[in-house]
Amino acid sequence: MAPAWARGFRRLVTSARTARWLARRRPEAGKGVRVLLYHRISDDRDPLAVPVARFAAQVAFLAEQGYAVVPVSGAVAALAAAGESRVIGLSFDDGYRDVVENALPLLRRHGFRASMFVASGLVDGSARATWYVREPPPLLGWDEIEALDAAGDLELEAHSVTHRDLVRLSDAEARAEIEASKRELELRLGRPIAGFSYPAGSYGEREQRLVEETGYDFAVTCDPGPNGASANRFAVRRIEVLGADGVSDFRARLAGAHDAPMPFRGLYRRLRR
Ligand SMILES: [Zn+2]
């Protein structure tokens with residue numbers, strides 16, 4: 001997880017870009033299908049949490065605007081018609097229980113569906129969410145995941161086994177993370193698993209190739225931006241919604257005002273590695 005100074009910098013850039021977008025009175029448009037990324041929906045003080053009231057306002061805005069909110073598989077299927085898309089893909093990474101408690105009732109009210117990407121080792125406790133220094137927030141267990149998948153509101157997909165940065169692993173280790181998470185979910189859910197989320201959005205050519213060879217249909221990143229008709233299905237762009245985002249920031253994200261990567265992002269990533 002990014003340190004506090006990096007989050008503060010990100011917040012400043014977000015505010016400036018939203019203000020610029022509002023000042024230009026840019027219409028809400030932009031071609032291509034957008035996929036939103038969330039982690040937790042909770043009032044806890046956690047950089048990965050979007051407060052419940054804010055999420056409720058965002059869902060209400062999408063409903064008012066007449067968007068069809070679908071899992072990532074549905075967004076990928078809509079890519080061919082991306083020109084006049086009113087489709088929004090919705091995704092939650094890691095499988096936090098507060099998504100089911102706080103987000104799912106709101107989604108159901110509007111008939112919205114979403115994807116949830118879970119790391120099999122985090123689910124069964126063989127791996128730990130190391131980005132939490134103290135006790136991590138509760139994650140869903142296999143029983144809950146099986147029931148959710150059967151209910152159909154959340155489409156469960158794979159997010160590796162241990163949630164390590166795949167780019168830093170050997171070929172064999174990276175392959176094992178990608179293959180074993182698919183196999184485990186397929187055994188549990190009794191259906192093919194189509195989607196993979198790169199842990200921490202970290203991927204390269206090798207990871208895309210491994211995901212494709214393993215038999216997934218698509219993979220999602222944390223690279224912001226819309227997905228056009230010719231988008232790479234193994235590098236689907238997603239827009240991360242942050243806890244500090246106000247309604248204007250959210251609308252600006254949907255309109256593409258935050259598609260440019262953060263300044264100094266490349267340098268920052270190299271430093272972090
Ligand atoms: Zn994750």
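The values are calculated or read from the model by the stated rules, or taken from the named source; none is laboratory data. As the structure is a computational prediction, the values presented were derived from the model and not from experiment. We place every Cβ from the backbone using ideal geometry, glycine too, and count neighbours over all the protein chains shown. Areas reflect the complete protein model, heavy atoms only, side chains present, ligands, DNA and RNA absent. Shrake-Rupley method; radii C 1.70, N 1.55, O 1.52, S 1.80 Å.
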Anyone know which of ALA147, ALA172, ALA252 comes out most mobile in the 10 Å Cα GNM of the chain?
-> ALA172
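When the helix-only estimate is applied to the chain (DSSP H runs of n ≥ 4, each -39,500 (n - 2.57), divided by the residue count), what is the mean residue ellipticity at 222 nm, nearest 500 deg cm²/dmol?
-12000 deg cm²/dmol
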Between ARG7 and ALA129, the two model label points (7 Å from Cα along the beta-carbon direction) sit apart by a distance in nm of 1.3
Simple spin-label estimate for ARG20 and LEU187 in nanometres, 7 Å along Cα-Cβ | 5.0
Provide, for q = 0.13 Å⁻¹, the log10 of I(q)/I(0) from a solvent-free Debye sum over equal Cα point scatterers in the chain.
-> -0.85
Taking H as built 1.01 Å from N, whose amide H comes closer than 5 Å to the amide H of GLU157, not counting residues under 5 places away?
-> MET116, PHE117, VAL118
Surrounding charge for ALA4, neighbours by C-beta under 11 angstrom, Lys/Arg +1, Asp/Glu -1, total +3
In whole Å, what are the Cα extents of the stretch 48-117 along the three principal axes, biggest one first?
-> 34, 26, 19
Tell me, in nm to one decimal, what length is gained between ASP43 and GLN65 on full extension, where the rule is 0.36 nm per residue of separation less the Cα-Cα distance?
-> 5.3 nm
Expected max-MSF residue from LEU36, LEU210, LEU154 in the GNM of the chain (alpha carbon, under 10 Å) is LEU210
So the pair-distance distribution of the stretch 42-184, from every Cα-Cα distance in 10 Å bins, comes to percents of 11, 36, 35, 17, 2
Restricting to Cα pairs under 8 Å and 6 or more apart, the percent relative contact order of the stretch 96-179 works out to 38
Non-local amide H neighbours of ASP223 (under 5 Å, H modeled in plane, Pro and chain starts lacking H): which ones?
-> ARG238
The chain: relative contact order as a whole-number percent, Cα under 8 Å and 6+ apart = 23
SER230 and ALA77 label points (each 7 Å along its Cα→Cβ direction) are spaced in nm at 2.6
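Could you do me a favour and compute the accessible area per residue for the chain, 1.4 Å probe, result in Å²?
46
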